[in-house]
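Visitor: My questions all concern the structure below.
The values are calculated or read from the model by the stated rules, or taken from the named source; none is laboratory data. These numbers were taken from a predicted model, which means no experiment stands behind them. Cβ coordinates were reconstructed from backbone atoms using ideal geometry, including for glycine residues, and neighbour counts include every protein chain displayed.
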Amino acid sequence: MTAVLFVCLGNICRSPAAEAMLRHLALQHQLSLSIQSCGIGGWHIGEAPDERMQQAARARGILMNSRAQQFHVNFFEEFDYILAADKEVLQNLRRQASEPHHHSKLHLMTAFSQHHRGKEVPDPYYFDVVAFEQVLSILEDACEGLLQEITAIKVDGEFATKKT
Ligand code: 4NP
């Protein structure tokens, strides 16, 4: 099963929202994925997502039920896609990556998105409700694109197996 890890700073706003968004969309597309999120920092370990993020997600029918955890280098082996919210997080992960195949798993969350490709998911922590809604709009586009990417690779894989 394809395994996806979303990473942000605190694991209480952006990455748990991405986790919940992808789980929601994967269910709609009847696609079975292993999905988790974590933070670079350990300040919020064990905490539920930020209430403002949960509320914005609930308004879109998306429930967030993760608990904050911190990134660990073992995750480089356990996940196929490791997706960073912004360039600072991506740089931090690149510094921790020791193998070429770790680096090839690392991307920005928006790497496969149609409308926001290559953009950072802005940290909403010190902003108002609009910022939280913007995060969800970016993540919806990013996760749709990611699902297309994963599905395309699966189809290619099946062709490859059938041909041989
Ligand atoms: P996140 O937002 O990285 O999207 O979860 C943040 C939450 C908390 C902090 C920073 C960013 N913090 O410094 O506590």
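Visitor: Just checking, which of ALA111, ALA131 is surrounded by 12 or more Cβ atoms within 10 Å (Cβ to Cβ), on the phi < 0 side of the Ramachandran plot and more than 16 Å from the chain's Cα centre (by Cα)?
Guide: ALA131
Visitor: Then there's this: Looking at the range 7-27 only, could you name the residues that are surrounded by fewer than 24 Cβ atoms within 10 Å (Cβ to Cβ) and either farther than 19 Å from ASN92 by Cβ or touching a Lys or Arg at 6+ places or on another chain (Cβ under 9 Å) (or both)?
Guide: ARG23, HIS24, LEU25, ALA26, LEU27, listed by residue number.
Visitor: Okay, moving on. Looking only at residues that are aliphatic (A, V, I, L, M) and under 25 Å from GLY46 (Cβ atoms) in the range 15-27, which one is farthest from the ligand (Cβ to nearest atom)?
Guide: Only one residue tops the list, namely LEU22.
Visitor: What pairs come up if the first residue lies in the range 53-77 and is more than 16 Å from LEU25 (Cβ to Cβ) and modelled with pLDDT of 95 or more, the second is more than 13 Å from the ligand (Cβ to nearest atom) and among the aliphatic types (A, V, I, L, M), and their beta carbons are under 6 Å apart, counting only those six or more places apart or on different chains?
Guide: Here the result reads PHE75/LEU5, each pair linking the range 53-77 to a residue that is more than 13 Å from the ligand (Cβ to nearest atom) and among the aliphatic types (A, V, I, L, M).
Visitor: Tally the residues that are more than 7 Å from the ligand (Cβ to nearest atom), surrounded by 19 or more Cβ atoms within 10 Å (Cβ to Cβ) and small (Gly, Ala, Ser), restricting the search to the range 28-47.
Guide: 1
Visitor: Sticking with this one: Among the listed residues ILE12, ILE62, identify the single one that is over 12 Å from the mean Cα position of the chain (by Cα) and near the ligand (Cβ under 10 Å from one of its atoms).
Guide: ILE12
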